[in-house]
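The values are calculated or read from the model by the stated rules, or taken from the named source; none is laboratory data. Note that the structure is predicted; figures quoted are calculated from it, not measured. Here the Cβ positions follow ideal geometry from the backbone for every residue, glycine too, while neighbour counts run over all protein chains shown. Ligands, DNA and RNA are excluded from the accessible area calculation, which covers all protein heavy atoms including side chains. Shrake-Rupley method; radii C 1.70, N 1.55, O 1.52, S 1.80 Å.
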Amino acid sequence: MRDLPAPQQHRAVREGVVLYRPRPAMVMVRGADAYDLVEALCPRDLFVRTGQILHSVVLDAEGGVAGDLYVAPRDDDFLLLADGLDDDALLERCREVGATLPDVNAEAIALGATRGLLSLAGPYAWELLGELLGPEIATIGYMTCMPMAELGEGALCLRTGTTGEFGYDLLLDREGMGAIESRLVAIGERFELCEADPQVLDQCALENGFFCPRHRGVLGRSPAALQLQWRVRYDHPRLGPCLQSGKEAHGRAGGHRLCWVIGRQDEPAPALGPLRRDDREIGELLDGFISPTLGCFVGLAMAEPALAHPWIDGVFADGASGQAALELRIEAPPLLQNRSLFVDPRKHVFAYRDTYGFWPITPGGDAP
Amino acid sequence: MLQGAPLERYLARRRALLDSIRAVLVEDLRVELPPEQIDPDTPLFGTGLALDSIDAVDLVVAIERRTGVRLADDAMGRMGLRSVNMVVNYLLAAQEQTP
């Protein structure tokens, strides 16, 4: 498999397919009261059935976001994947919420020692995976999953992803993972498959507006501050009071809201820290990087809600190493036009990718 | 750089359109969230509000009814439906092009 520098990994995510190995906490909740335990852990209505995946967050004791949470029912059991936590931390959170339930008959079992994830992302990820598992893989809807008995007992294919491109996670027995990876790598030669570093995937998530627990400065903030209120319900029987108090504290503190910023083409990355507009501090630049795809700085910031709107320009951050301040502009994610929006498994294949008149990935480019 | 009265006008137009789209989502598409809980950068399809292809048709019709702007059935229209803020961006751009 090709080992490429980061800019080319970005290009493969946006135009081809990459392989990576995410390491979220993985826990299976079993027992007669499994639903009750998961309902107490998940701050969102647990309206989800086998084959679907519910996207929510793990909260800390103060109602701040501690991680990304996928809930996938498996008949009477629940598979939990939590990015930003390890197995022990997720088990501990299950124990904490379980202690609030009287006589709960449910058991949380860590899977990380015996199971692992092998993941693909990119506009042609469906095609590569289809060569391994059959063309019906392209019909799996986003945020759904299906068993893959041909990959081993209990194997599961989850259609998820945080890059805005087609994304698949294969949940596999660790003993068989190496053989399956070898098959993917062998097939992947025709797809110029490369391995992507976790940091590249996290940067792609930032470009697309996905929450990522490894983005600097986001953990512990309220769902309201992070624009993740769709993942919670404030009248949740157990987590509601803590969520509500977090929301009220956020409001009292001035309610800065997460927003996305971009710099000018070919300018360097600014220093993380205060953001100013009209010589007044309006927020803080939390994280960012020079995007090889867009050719400019892209970042995450907390800003006054009155100004945290797209197309607000004249926002300045200090230059790195004491250089002149750099101008940024607030933008709405996704910051690019994902190729996966236009790749249709019924019409397109990787081999002829350069012959299709797709829309440009960079906004503002010429239409086909 | 947007400043002073032009900035205030821009923000007022943006907030008004944001409120309109939230009203469409809650009243026309029956999204089960209070309007103030629909954050501006909430995705509309797949994750986020998890609307489906039938909702997309209802959304386009309701937006046209409330704002007079028809989201084109092309790539630009498709990208304009990716989040609440992207819809607002599309509507603002369309209003600026209207004489």
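Annotations
- Taken as a whole, the stretch A:216-224 holds at least one residue that is at positive phi, touching a residue at least 60 places away in the same chain (Cβ under 8 Å) and part of a loop (DSSP other than H, G, I, E, B).
- Scanning the stretch A:319-340 for residues that are touching a residue at least 40 places away in the same chain (Cβ under 8 Å) and within 16 Å of residue A:293 (Cβ to Cβ) yields A:331, A:333, A:334, A:335, A:336, A:338, A:339, A:340.
- Test for residue B:59: is it of a type outside the set (Gly, Ala, Ser), crowded, with 20+ Cβ neighbours inside 10 Å, within 14 Å of chain A (Cβ to nearest Cβ) and assigned to a helix (DSSP H, G or I): no
- Taken over the stretch A:146-172, the criterion of being of a type in the set (A, V, I, L, M, F, W, C) and within 14 Å of another protein chain (Cβ to nearest Cβ) is satisfied by A:158, A:166.
- Residue-level check: of (1) more than 21 Å from residue A:335 (Cβ to Cβ); (2) at pLDDT 95 or above, residue B:99 misses just (2).
- Remark: pairs (first residue in the stretch A:51-75, closer than 15 Å to residue A:39 by Cβ; second residue surrounded by 21 or more Cβ atoms within 10 Å (Cβ to Cβ) and hydroxyl-bearing (Ser, Thr, Tyr); Cβ separation under 6 Å; 6+ apart in sequence or on different chains) = A:69/A:56.
- Answer residue from the stretch B:28-41, given it is open to solvent by 40 Å² or more (accessible area, probe 1.4 Å) and closer than 16 Å to residue B:54 by Cα and is farthest from the other protein chains (Cβ to nearest Cβ) among those: B:28
- Identity of the residue in the stretch A:288-305, among the β-branched types (Val, Ile, Thr) and in contact (Cβ under 8 Å) with a residue 60 or more places away in the chain, that ends up farthest from the other protein chains (Cβ to nearest Cβ): A:293
- Residue A:308 being touching a Lys or Arg at 6+ places or on another chain (Cβ under 7 Å), within 14 Å of chain B (Cβ to nearest Cβ) and under 19 Å from residue A:272 (Cβ atoms): yes
- Only one of B:44, B:71, B:81 that is in contact with a strand residue (DSSP E or B) (Cβ under 6 Å, 6 or more places away or on another chain) and open to solvent by less than 60 Å² (accessible area, probe 1.4 Å): B:44
- Unmet requirement for residue B:45, which otherwise passes all of (1) in contact with a Leu (Cβ under 7 Å, 6 or more places away or on another chain); (2) more than 10 Å from chain A (Cβ to nearest Cβ); (3) closer than 24 Å to residue A:363 by Cα: (2)
- Test for residue B:11: is it in a helix (DSSP H, G or I), at the interface with chain A (Cβ under 10 Å from one of its Cβ atoms) and within 30 Å of residue A:326 (Cα to Cα): yes
- Residue in the stretch A:278-287 that is modelled with pLDDT under 95, closer than 30 Å to residue A:360 by Cβ, open to solvent by 20 Å² or more (accessible area, probe 1.4 Å) and more than 12 Å from every other protein chain (Cβ to nearest Cβ) present: no
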